[in-house]
Amino acid sequence: MHFDRKVAWSRAQGWLTAVLVLVGLAVAGAPARAASFQPLEIVTKNGVQVFSVEMATTEEEKQTGLMYRKELADGKGMLFDFNPEQEVSMWMKNTYVSLDMIFIRADGRILRIAENTEPLSTKIISSRGPARAVLEVVAGTAQKYGIRVGDRVGHPLFGNK
């Protein structure tokens, strides 16, 4: 039996290329995740509530948001930056977890809270006024922690952290 290194190397390269292509396709098909986690505080009449939030700043991150995720832990969330302040519309398409959407003005004050949103819905959820950002947290969070319209959000996005 004769062993040809060139043939063996060529076959190995072919398999490696196929594996890399498959891995690339799997990664491309996976839901995008925001890159960084940051602390965010909400000052309520019950005290300060601290969350760990993923930042959604790029267009891709904002379009994908929390889509395709099957769970979201209490105390976690995603903060969408819509600078400059503007009317914002969200939806729950491809989002399996019910959320509370907290619309925040440029001064860090809560403008509106859309509680217990309907998973997988394409119904438009509007800020109903100019918002700089939207904080998405698991449904029931606003009720649980007494978060209300007018409460102050502390985060560098609003120049107060």
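The values are calculated or read from the model by the stated rules, or taken from the named source; none is laboratory data. Fair warning: this is a prediction, and the values are worked out from it, not measured in the lab. Virtual Cβ from ideal backbone geometry, glycine too; neighbours counted across all protein chains shown. Areas reflect the complete protein model, heavy atoms only, side chains present, ligands, DNA and RNA absent. Shrake-Rupley method; radii C 1.70, N 1.55, O 1.52, S 1.80 Å.
Just a few scattered comments:
- For THR57: the one exception among (1) surrounded by 13 or more Cβ atoms within 10 Å (Cβ to Cβ); (2) modelled with pLDDT of 95 or more: (2)
- Qualifying residue in the range 95-106 (condition: open to solvent by less than 10 Å² (accessible area, probe 1.4 Å), of a type in the set (Asp, Glu) and touching a helix residue (DSSP H, G or I) at 6+ places or on another chain (Cβ under 9 Å)): yes
One line per residue, one yes/no per condition, for (1) more than 19 Å from GLU87 (Cα to Cα); (2) of a type in the set (Val, Ile, Thr); (3) open to solvent by less than 40 Å² (accessible area, probe 1.4 Å):
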site	(1), (2), (3)
GLY108	no, no, yes
GLU115	no, no, no
LEU120	yes, no, no
ILE125	no, yes, yes
PRO130	no, no, no
LEU135	no, no, yes
ALA142	yes, no, yes
TYR145	yes, no, no
ARG148	yes, no, no
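- Subset of the range 49-87 (residues that are in contact (Cβ under 8 Å) with a residue 40 or more places away in the chain, outside any loop (DSSP other than H, G, I, E, B) and closer than 24 Å to LYS144 by Cβ): GLN49, PHE51, VAL53, LYS76, GLY77, MET78, LEU79, PHE80
- Listing of strands (runs of 3 or more DSSP E) fully contained in the range 98-161 that carry 1 or more residues being without any contact (Cβ under 8 Å) to a residue 60 or more places away in the chain: 99-104, 110-114, 125-138
- Test for ASN83: is it among the polar types (S, T, N, Q), within 23 Å of GLY47 (Cα to Cα), open to solvent by 10 Å² or more (accessible area, probe 1.4 Å) and at pLDDT below 95: no
Conditions tested, residue by residue: (1) more than 20 Å from VAL153 (Cβ to Cβ); (2) at pLDDT below 95; (3) among the hydroxyl-bearing types (Ser, Thr, Tyr); (4) within 13 Å of the chain's Cα centre (by Cα).
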site	(1), (2), (3), (4)
ALA12	yes, yes, no, no
LEU22	yes, yes, no, no
SER52	no, no, yes, yes
MET92	yes, no, no, yes
